[in-house]
Amino acid sequence: MKKESIIQREEQVRKQWMQENIFKKSVNNQEGKPSFVFYEGPPTANGLPHVGHALGRTIKDVVARYKTMSGHQVIRKAGWDTHGLPVELGVEKQLGISGKHEIENYGVQAFIDKCKESVFIYEKQWREFTEKLGYWVDMDDPYVTLENPYIESVWNILGTIHEKGLLNKGHRVSPYCPSCQTSLSSHEVAQGYKVVKDLTATAKFKLVDKNNEYFLGWTTTPWTLPANVALAVNPNMKYVRAKQGNDIYILAKSLVDTVLKDEYDILSVHLGSELKGISYIPPFDFVTVEIGHQVVEADYVTDTSGTGIVHIAPAYGEDDYKVIQENEFSFVNVVNEKGQYTSDINPFQGRFVKDCDVDIVRALAEKDLLFSKEKHEHNYPHCWRCDSPLLYYANESWFIKTTAMKEQFIKNNEEVTWHPDHIKHGRFGNFLEEMVDWNISRKRYWGTPLNVWQCDSCNHQYAPKSIVDLKQHSVQPIEEIELHKPYVDEVKLCCSECGGTMTRTPEVIDVWFDSGSMPFAQYHYPFENKALFEKQFPADVVIEGIDQTRGWFYSLLAVSTLYTGKTPYKRVLSLGHVLDENGQKMSKSKGNALDPMDLIQKYGADSLRWALLVDSAPWNPKRFSERVVQEAKSKLIDTFGNVYSFYALYADLDGYSPNKTYEAKKIN
């Protein structure tokens, strides 16, 4: 059988299914049968599908069809993830602008309109890909995260969380992208670590009123040294005063040989607690610190690397920030929202801080305050959206107190069956154990607006849980409203505490909260479809790639636990990555990415699906190439095709009809 005939046959069958609405009939025919609940994770339609999507959609389709054939009704509602920075960045590129300042010059409303236009730029390609792959999912009535009913359900969830006292504004150090100019949540950061080599420095911090005596402090971020406020030691660790040449150095006893290397003399040994309160002179005097430049205690300080003495810059590290608060020292920040030094650091003003490490180290050397420098290989977080290196940066954000419900998160995870099972208490379980509060707000434009209004007079907060709720508390009558910036920002509420005017906080929310709300928002719960929602909650299975362990799988669990206290799914199938034939991650930049539509056009959907399914468990990484699809076609699909062709040829010659009864002929 020729290659073209296989592909033509697939296309004929696909068109027949579409014309006769076979998928919808397969669902409706199972009405009254037990439900098998399936959730579709929402892709974004402003990017093209890749081979990883083909694997996910193939596995989902196989599971859903199998459960249908085994007597279940499997409703499969498609969805589109439409908000967030990936959309904004795409529009910025399209408009030839960059950054928040240029967006505001362009006009927020005009920018929002462009974001809406761009969201479904590749929807036609996604639909064609999904249909040609043979993935049966309802794309005619999808849930869409930008629509008012979806946002209203998200508001109901957020309003309920706020009502429980779990949603508050706070000033903390959070992972921050200077390129996108917004903070990230911990589960977003978990997706973007890269191994990098950074310049590290061991700096000399001179003791006050002591000649040639120094604390040695090690840092992997020399750019933070101009903002030094304190040095931290472990109170229970042993430290030494060691003389080398004419200088005396203080550092951890266990690290003396590693750090000093050459000959030295130990003058005295001290517990870290004995060093507390000793004053020193900071290496730079760009800023004035009213209270600080003393040694403090911190249990997290270790002797596994560095010198056992940690330099503290409160605006750029979560531990640093806590230590400064506990000791009531001054807070210093010399970096703006673009990740550039402010005018406080005059020699480097306006430069991106991570580009200044070499210059800071050189400045230390010129002041004779550089003990040593070296390249250090370590994992460093990068933005999962724009690939820029992140900073840890203190600013004001809204946080959901997920840590207050940590035990319930862990309890709910115990009810879930994971495939592979080691993820349950490993990758996912460890993430829950190390949980931090969810940084939910983003200082951006295109997203679900955070539905918290604050009184301009008494600071009372109110979080409306519906459009009706919003209208009832509005100062001015509201007819129709779109729940996006800048329209919703114009709505003022009346304060129930003092009668003052309430203004919405300007942030939008983390897009992962959008996607994690889908079990509820896809049915506009709790406003309608309550019976359908209850029938479709929780899911019997969710299926996505391993990278969603701390993405969609986590956000589903988090939103449901916070809102209802219950787990949103019974089983999770975490799929392995599709790699190239050499075991490398596929990417367009490497030139090793495969286009699934090209493979379907060359070899047919059945060949691609079979090639994706065989050889290994779906949770294992899969080495993949065009050759694998070609072999699936030649060794399997063509064989089936030839068997059918042989059968059809002689059935036609004999005038065989499957509806007719034939008597068996005895062969002598």
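What the table shows:
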read-out	value
Test: Tyr392 is part of a strand (DSSP E or B), more than 23 Å from Ile281 (Cβ to Cβ) and open to solvent by less than 30 Å² (accessible area, probe 1.4 Å)	no
Residue within segment 260-277 that is part of a helix (DSSP H, G or I), in contact with a strand residue (DSSP E or B) (Cβ under 8 Å, 6 or more places away or on another chain), over 20 Å from Leu225 (Cβ atoms) and hydroxyl-bearing (Ser, Thr, Tyr) present	yes
Residue ranges of helices (runs of 4 or more DSSP H) in segment 82-201 with at least 1 members free of Cβ contacts under 8 Å to residues at least 12 places away in the same chain and open to solvent by 20 Å² or more (accessible area, probe 1.4 Å)	85-95, 100-106, 108-119, 123-133
Output for segment 300-337, where each listed residue is part of a strand (DSSP E or B) and farther than 17 Å from Thr219 by Cα	Val335
Lone qualifier among Val559, Val629 - being farther than 22 Å from Asp61 by Cβ and part of a helix (DSSP H, G or I)	Val559
Test result for Val269, surrounded by fewer than 17 Cβ atoms within 10 Å (Cβ to Cβ), in contact (Cβ under 8 Å) with a residue 12 or more places away in the chain and either more than 17 Å from Val208 (Cα to Cα) or hydrophobic (A, V, I, L, M, F, W, C) (or both)	yes
In segment 508-524, the residues that are over 9 Å from Thr145 (Cα atoms) and either open to solvent by less than 10 Å² (accessible area, probe 1.4 Å) or more than 12 Å from the chain's Cα centre (by Cα) (or both)	Val508, Ile509, Asp510, Phe513, Gly516, Ser517, Pro519, Phe520, Tyr523, His524
Positions within segment 453-480 being within 19 Å of Glu152 (Cβ to Cβ), in contact (Cβ under 8 Å) with a residue 24 or more places away in the chain, open to solvent by 20 Å² or more (accessible area, probe 1.4 Å) and among the hydrophobic types (A, V, I, L, M, F, W, C), in sequence order	Ile467
Segment 24-41 residues that are within 23 Å of Arg14 (Cα to Cα), paired with ones that are basic (Lys, Arg) and open to solvent by 20 Å² or more (accessible area, probe 1.4 Å) (beta carbon under 7 Å, 6 or more apart)	Glu40/Lys77
Pairs with Cβ under 7 Å, 6+ apart, first in segment 518-529 and under 13 Å from Trp80 (Cα atoms), second not in a helix (DSSP H, G or I)	Met518/Tyr39; Met518/Pro42; Met518/Gly79; Met518/Tyr143; Ala521/Tyr143; Gln522/Lys77; Gln522/Gly79; Gln522/Tyr143
In segment 593-624, the residues that are closer than 19 Å to Asp61 by Cα, part of a loop (DSSP other than H, G, I, E, B) and open to solvent by less than 20 Å² (accessible area, probe 1.4 Å)	Gly604
Any hit, segment 369-381, residues being open to solvent by less than 30 Å² (accessible area, probe 1.4 Å), among the hydrophobic types (A, V, I, L, M, F, W, C) and under 30 Å from Tyr249 (Cβ atoms)	yes
Residues satisfying the stated conditions in segment 352-371, i.e. at pLDDT 95 or above and either part of a strand (DSSP E or B) or over 29 Å from Val259 (Cβ atoms) (or both)	Leu370, Phe371
Count of residues meeting criterion [over 20 Å from Thr200 (Cα atoms) and in contact (Cβ under 8 Å) with a residue 24 or more places away in the chain] in segment 255-266	1
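Residues are listed down the side, and each one gets a yes or a no for (1) surrounded by fewer than 16 Cβ atoms within 10 Å (Cβ to Cβ); (2) part of a helix (DSSP H, G or I); (3) at pLDDT 95 or above:
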position	(1), (2), (3)
Gln16	yes, yes, no
Lys33	yes, no, yes
Lys60	no, yes, yes
Ala78	no, no, yes
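The values are calculated or read from the model by the stated rules, or taken from the named source; none is laboratory data. Treat the numbers as computed from the prediction; the structure is a model and nothing was measured. Note that each Cβ is placed from the backbone with ideal geometry, even for glycine, and that neighbours are counted across all protein chains shown. Remember, those area values only see protein heavy atoms, side chains included, never the ligands or the DNA or RNA. Shrake-Rupley method; radii C 1.70, N 1.55, O 1.52, S 1.80 Å.
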